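First the structure, in the form of structure tokens, and then the observations on it.
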Amino acid sequence: MLSTRRLAVFGLLASALAAASPVFAQDYPTRPIRIIVPFAPGGSTDIVIRILAGQLEKELNGAVIVENRAGGATTIGMSAVAQSIADGYVLGAANISFGANPSVLKSMPYDTAKDFAPVSLVARVPLVLAVHQAVPVKTVKEFIAAAQAAPNTMTYSTAGHGSGSELSMGLFAFLTGTKLVNVPYNGGGPQVAGVVGGHVKSLFATIPAAQAHFASGVLRPLGISTLKRDPTLPDVAPIAELGVPDYEMSDWIGVVAPAKTPPAVVDKLNKAIARALQVPDVRARIEKVGTQVEGGTEAAFDAFIKKEFVRWRQVVDTMGLGIK
């Protein structure tokens, strides 16, 4: 048992650390900040984080470096974040896999709920339900009817297990009671190519990956996954308005820090991100790649992540999307 004197010393140390945190935040950053993106360069998350990093350098008056560490369904990069010193100099770019992986993956090298501190939601990434031009459906209701009339014949491509494209169709099937056939590919590019080539009938795709094929008519967009239309596809209505009222889904992009990062530092980062996202040029560049600017407080992002854990556990378990 600890002596009264030792307890008093620990109490004084804790108080001193708490008092020092705001002072540390005032000086922060004094060296480059790294944001680890758990994907290869070129995807939506990587592009948005690089746009954000450029503006954060101005907001924080310090260097912000983006580092790509792909692999392991994002667990390689996020593990590096979780194991870093909790001082605000190593951050991670989280996306939908962050909330879904605890349900999708059999084992994880970290505890997603305990090993990270939410900093800010940055953007949402709408996905579009689409079919190959040869598929004889033109609306979401017709898609559902065709899938219900012939269970396990409507194929859909995904960018891999745990990807936004797989989870979005899993949620769709869950809410509509349809039985579809998953055809996984290794990445978003091959996923779209599988449908464009006529090998697979349907998919949920990000707007940048599929927009040229919408314009050419090879892919027919049926509905968008978010509750609001995207300005790049103004004629495509939300799926929630087209027969599936409870459907709302988007891939998303956010910033997290290692757990126990000083709250004052997390708050300073959150406010810097909020300011960055209000810069007109930054917003325009983010929206140009088919994403919707979000932002918000640390508490709001924390609540959002917790809801993601619950939602994807239910969908993954019901639809059998987990990796055994």
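The values are calculated or read from the model by the stated rules, or taken from the named source; none is laboratory data. Predicted model only: the values in this text are computed from it and were never measured. Here Cβ is always computed from backbone atoms with ideal geometry, including for glycine, and neighbour counts include all displayed protein chains.
Numbers below:
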| item | result |
| --- | --- |
| Within region 38-61, tally of residues that are on the phi < 0 side of the Ramachandran plot and modelled with pLDDT of 95 or more | 12 |
| Cβ pairs under 7 Å, 6+ apart, first in region 20-35 and of a type outside the set (Asp, Glu) and modelled with pLDDT under 65, second in a loop (DSSP other than H, G, I, E, B) and buried (at least 18 other Cβ atoms within 10 Å of the Cβ) | Ser21/Pro262; Phe24/Pro262 |
| Leading residue by the ranking (farthest from Glu59 (Cα to Cα)) among those in region 275-292 that are surrounded by fewer than 18 Cβ atoms within 10 Å (Cβ to Cβ) and of a type in the set (A, V, I, L, M) | Val289 |
| Test: residue in region 246-267 that is surrounded by fewer than 17 Cβ atoms within 10 Å (Cβ to Cβ), in contact with a Gly (Cβ under 9 Å, 6 or more places away or on another chain) and of a type outside the set (Val, Ile, Thr) | no |
| Top-ranked residue in region 183-210 [being within 18 Å of Ala147 (Cβ to Cβ) and β-branched (Val, Ile, Thr); ranked as surrounded by the most Cβ atoms within 10 Å (Cβ to Cβ)] | Val195 |
| Qualifying residue in region 104-125 (condition: in a helix (DSSP H, G or I) and touching a His at 6+ places or on another chain (Cβ under 7 Å)) | yes |
| Conditions (1) polar (S, T, N, Q); (2) touching an Asp or Glu at 6+ places or on another chain (Cβ under 9 Å); (3) touching a residue at least 60 places away in the same chain (Cβ under 8 Å): number failed by Thr139 | (2) |
| Any hit, region 119-129, residues being under 26 Å from Ala209 (Cα atoms), of a type in the set (S, T, N, Q), crowded, with 22+ Cβ neighbours inside 10 Å and modelled with pLDDT of 95 or more | yes |
| Residue in region 76-89 that is in contact with a helix residue (DSSP H, G or I) (Cβ under 6 Å, 6 or more places away or on another chain), small (Gly, Ala, Ser) and not assigned by TED's automatic domain parsing to the domain that holds Tyr185 present | yes |
| Subset of region 224-245 that is under 18 Å from the mean Cα position of the chain (by Cα) and either more than 13 Å from Thr291 (Cα to Cα) or of a type in the set (Ser, Thr, Tyr) (or both) - its residue that is surrounded by the most Cβ atoms within 10 Å (Cβ to Cβ) | Ser225 |
| Strands (runs of 3 or more DSSP E) wholly inside region 167-284 that include at least 2 residues being farther than 24 Å from Gly77 by Cα | 181-184, 202-206, 219-224 |
